[in-house]
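This report refers to the structure that appears directly beneath it.
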Amino acid sequence: MSRIKITAAFAAAALIALTGCGANAGASTVSGDDFPKKGKSIDLIVAFSSGGAVDTAARLVQPILEKELGTNVEVINKPGAGGQIGYTALTSAKPDGYTIGATGSPSVVVSPLDPARGAKYTRASFQPLGRQVVDPAVIAVQPDSPYKTLKELLDAAKANPKSMTASTTGLQTGEHFALAQIQETTGSEFAPVHFSDGASQATTAFLGKHVDVLVANVSDVTDLTKQGKARVLGIMTAERSPSLPDVPTFKESGYDVEAGTARGYSAPAGLPDAVAKKLEAALQKAIEDPAVKEKMSALGLQTSYLSGADYEKFWAGQEEDFKKALPLVQKKN
Amino acid sequence: MDTLTELLGGFAAAMTWQNLIFAFLGCLLGTIIGVLPGVGPVAGVALLIPLTLNLDPTGSIIMLCAIFYGTQYGGTITSVLLNTPGEASSAITTIDGYAMTKLGRAGAALTLAAVGSFVGGTIATIGLVAAAKPLGELGLLVGPPEFFALMVVGISLLVALAGKSMVKALISGALGLLISMVGIDPVAGAPRFTFGMDRLLDGVSFVAVIVGVFGLSEILSYRKNAETPLVHAPGMRSLLPTRAEWRRSAPAMARGTGVGFGLGLIPGMTGSVSSLLSYAAEKKFSRFRHQLGKGAVEGVAGPETANNAHANAALIPLFTLGIPASPTIAVLMGAFLQQGLTPGPSLFTEHSDIAWAIIASLFIGNLLLLLLNVPLVGLWTSILRVPTPILTALILLFMVIGAYTINFSVFDVFVMIGFGLLGLALRNLDIPLAPMVLTLVLGPLMERSLRESLEISQGDFSVFVNRPISAVLIGLGVLIICSPLLKFRKPKALTEDPEA
């Protein structure tokens, strides 16, 4: 009896040891020369729900990435907490190139800066691979709203602070910063409503008239404007957007506010060089693909490619800027 | 676009060969689950979710829906041939079904059950098509406060699923809410109940929990029945019902459809209630009621039509309102959420292509079931000849692989095993599992909409009663919660409903 037990224990131990070795052996061969292995698919994590601009851009890039890399690329939506859930998943993945993710600032830049969020990642947890677009922030009202110009809206919000609700895609996201900057420069205060799963929820709530003001990006409102379902009053950028040529900038209306979202793709830090190079090259091809660019601009997204290294510099610059602006959007206790 | 165009578009999407294969596989697996006596529909659907996780949303949901109504039909086979119901909703079929087997009419009974299931399922799906458009158009009217109120109605169903003890149901419901809280706070981003473990930041895997709580615990608590008798599948010839049998079944099927469809729409009703009431209806209205219990076709055709009409009708509140009407549907809703689809009014505005493809596949699936089941009866019965130890071992293996493949991590396997033990403990304590799955699925949606609503109202709770739609819904929820106080006693069949 006891001999059987010992044998069984031994066999079990041997089995465990074997599987353990197997796993180790698998990990040590990541040099990147054979990346990507045929038939092993790459996960592209999108930290917002399907239907938003981040998701749409990722899905446009995906087929070209597949062609360039010669393997499946799967877009996986992990929405919640204004991007933090998806970013956590991305940075806790193995840096072997089989997990990459869409990263958008300010959400990815800011979430680790506020200790209250308890983010498990920092700027150093990401390896930027390339920037795709800059999507300026806009402010829009219901088509039947009494406010026809930016000034009228902001004056009303100044006279009666928090009398109007405004959507964001989550606490401390680009839209939230935009609201904070508006308040800082103009004194007009809106009551933010955070739709932490992404822009599609925010837009749906706006269309149902559950929020008064839609703070969003150019790409979110391009289609709505065409259908007459939203009246965009101002764009927070230096120049007018080609997608919304009739919409005046905040500067033109006399307010010094610039805000927006920059989106790109990153991997967890620690990629082998060869893998990073392959991914970066494939992403550049995909982002700069004429057909992709055309579809992007039809959606109101102006492609603005930066290489991995430049995207990293841009990211560092944003970190400095947002560090200063952070107190504006922190929860007052 | 009108409903018909969209439905046709749905058919085009559902008829790709991949989706047809998924529907076929779903029917096949569902029938097998239905045939196996130890594995109920909730456990079955839970067990098979990992299989569908890596498919695209349309294919995955098509397959799960097919599994869901496949189980309803599979349960019939053992009821008729063995006098052992594979599912609770087929229990009543044993009376006349087995009597028919003894009379040598097993084949006819199975065919009539299959046709009845097809009729009931198809008519209920037509109901879904009719309801989808008007209710889907309400989509934009449903803002965060209304959505929250819908979730209150959903959670209040806990009362209907409570079974014998309200306290135990609340324990189970609270446990579900607690588990759903684990992970990063969906609004403020702070980790909750993760105990410093990075693995838990993304929450406890829903699929691993479901597979454990329902699948594993069911297998662990499986008590060996008496030896399965050797069954002989009826020959092809005896499959055809006689003309008289057809004639007698038709009114029973019509009544069964009515009963099943009506009850399926009422959240909290399970399929067994429908089949029981349909049998009762036959006892009252059938011209041949004196023969019931001695092998009357009405006793098979009625209940079997009813439970399938019920299963398909129960998808209506899920698709249009996001309310899971039964534990199985709650698991199905969890699978929707895993795929990034939130069932409810916004499903038809945000993902109308997927929604219509799924609806179209319900028609296809019902047809597939009919084609699949009758000729293959012999195959299904042969599954019962596999010895129980081998069968349970295979299912266990399947569950471990399923849990592992969610994230390719052993952690999820341990989560599955841990929750399996928890499920077993709850079963032994007589604490119902249904409330837990309900709150586990609805909890996060409820939390999000509550917080969004309060931001809209800037902290004022009156937002839920000031808006007409949400006020009505909240009132309805309160009414459901208070209903046990009104001495509104459930019939005995309901309180002892094994599905609840």
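By counting other Cβ atoms within 10 Å of each Cβ, how are A:ARG131, A:ARG231 ranked from fewest to most?
On the way: A:ARG131 26, A:ARG231 19.
Lowest count first: A:ARG231, A:ARG131.
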Residues with amide H under 5 Å of A:ALA137's amide H, sequence separation 5 or more or different chain, H placed in the peptide plane at 1.01 Å from N; which? A:MET236, A:ALA259, A:GLY260, A:THR261
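What is the ratio of the Cα radius of gyration of chain B to 2.2 N^0.38 Å, where N is its residue count, to two decimals? Intermediate values should be presented prior to the final figure.
Values: Rg = 22.0 Å, N = 500, 2.2 N^0.38 = 23.3 Å.
Against the compact-globule rule of thumb, the ratio is 0.94.
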How high is the relative contact order of region A:32-175, in percent, counting Cα pairs under 8 Å that sit 6 or more residues apart? 24
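Could you pull out the pairs from B:LYS102/B:LYS164; A:LYS37/A:LYS295; A:LYS78/A:LYS323 whose alpha carbons sit more than 28 Å apart here?
Numbers: B:LYS102/B:LYS164 36 Å; A:LYS37/A:LYS295 30 Å; A:LYS78/A:LYS323 26 Å.
Over 28 Å apart, Cα to Cα: B:LYS102/B:LYS164; A:LYS37/A:LYS295.
Work out the FRET efficiency for B:ARG427 and B:HIS290 from their Cβ-Cβ distance, taking R0 = 51 Å, and round it to the nearest 0.05. Can you show the working numbers first?
Numbers: r = 41 Å, r/R0 = 0.80.
Efficiency computed from Cβ-Cβ geometry: 0.80.
Which value at 222 nm does the protein assembly as shown reach when only helices count, each DSSP H run of 4 or more adding -39,500 (n - 2.57), with the total divided by all residues and rounded to the nearest 500 deg cm²/dmol?
Values: 35 runs with 484 residues, N = 833.
-18500 deg cm²/dmol, from helical runs alone.
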Count the DSSP beta bridges whose two residues both fall in the protein assembly as shown, then state the antiparallel fraction as a percent rounded to the nearest 5. 65
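Using R₀ = 41 Å, calculate the FRET efficiency as 1/(1 + (r/R₀)^6) where r is the Cβ-Cβ separation of A:ASP321 and B:SER165; round to 0.05. Can you show the working numbers first?
Values: r = 58 Å, r/R0 = 1.42.
Computed FRET efficiency for A:ASP321 and B:SER165 comes out at 0.10.
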Between region A:76-143 and region A:166-237, what is the C-alpha centre distance in whole Å? 19
Take B:LEU141, project a point 7 Å from its Cα along the Cβ direction, then tell me which residues of region A:194-238 have their backbone nitrogen under 14 Å from it. A:208-209
How high is the FRET efficiency between A:GLN227 and A:LYS162 when r is their beta carbon distance and R₀ equals 22 Å, given to the nearest 0.05? 0.15
Which of B:TRP246, B:TRP356 has the fewest other C-beta atoms within 10 Å, and how do the rest follow up to the most? B:TRP246, B:TRP356
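I need to check one value: relative contact order of chain B, counting alpha carbon pairs closer than 8 Å and at least 6 residues apart, in percent.
Values: 976 pairs, mean separation 145.3, N = 500.
Here the relative contact order equals 29 percent.
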Can you give me the angle between helix B:327-338 and the longest principal axis of chain B, using Cα atoms only, in degrees from 0 to 90, rounded to the nearest 10? 50
Tilt of helix B:144-156 relative to the longest C-alpha principal axis of chain B, in degrees (0 to 90, nearest 10)? 50
Which distance in nm do the two modelled labels at A:LYS295 and A:ASP33 give, with both placed 7 Å along the Cα-to-Cβ direction? 3.6
Hypothetical label at A:LYS151: residues of region A:209-249 whose amide nitrogen lies under 15 Å (7 Å Cα-Cβ projection): A:234, A:248-249
What's the exposure ranking of B:VAL152, B:VAL213, going from fewest to most Cβ atoms within 10 Å? B:VAL152, B:VAL213
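Set the bar at 30 Å for Cα to Cα. Now go through A:LYS209/B:LYS133; A:LYS151/A:LYS293; A:LYS226/A:LYS293 and name every pair that lies beyond it.
Numbers: A:LYS209/B:LYS133 21 Å; A:LYS151/A:LYS293 34 Å; A:LYS226/A:LYS293 20 Å.
Too far apart for the 30 Å limit: A:LYS151/A:LYS293.
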Choose one of B:LEU426, A:VAL257, B:LEU379: the residue whose Cα lies farthest towards the positive end of the charge dipole of the protein assembly as shown (beta-carbon charges +1 Lys, Arg; -1 Asp, Glu; about the Cα centre). B:LEU379
Shielding by other protein chains, B:187-196, mean Cβ within 10 Å: 6
Take the Cα atoms of the protein assembly as shown, find their three principal axes, and give me the spread along each one in whole Å, biggest first. 89, 71, 50
Non-local residues with an amide H under 5 Å from the amide H of B:THR194, with H modelled 1.01 Å from N and Pro and chain starts lacking one, are B:GLY183
Treating the angle as unsigned and between 0 and 90°, give the value, to the nearest 10°, between the Cα long axis of helix B:468-482 and the longest Cα principal axis of chain B. 60
Residues whose placed amide H lies under 5 Å from that of A:VAL75, excluding near-sequence neighbours: A:LEU44
Karplus (6.51, -1.76, 1.60) ³J(HN,Hα), θ = phi - 60°, over region A:241-249, in Hz, Gly and Pro reported as x: 8, x, 6, 10, x, 8, 8, x, 7
May I ask for the longest run of chain B untouched by GluC sites (Glu not before Pro) that are loop-located per DSSP and have at most 15 neighbouring C-beta atoms (other than their own) within 10 Å? B:228-495
Going highest first, how would you order B:117-125, B:101-109 by mean Cβ packing within 10 Å? B:117-125, B:101-109
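A short reminder: the numbers here are calculations on the coordinates, not readings from a lab. All values reported here derive from a predicted model rather than from experimental measurement. Note that each Cβ is placed from the backbone with ideal geometry, even for glycine, and that neighbours are counted across all protein chains shown.
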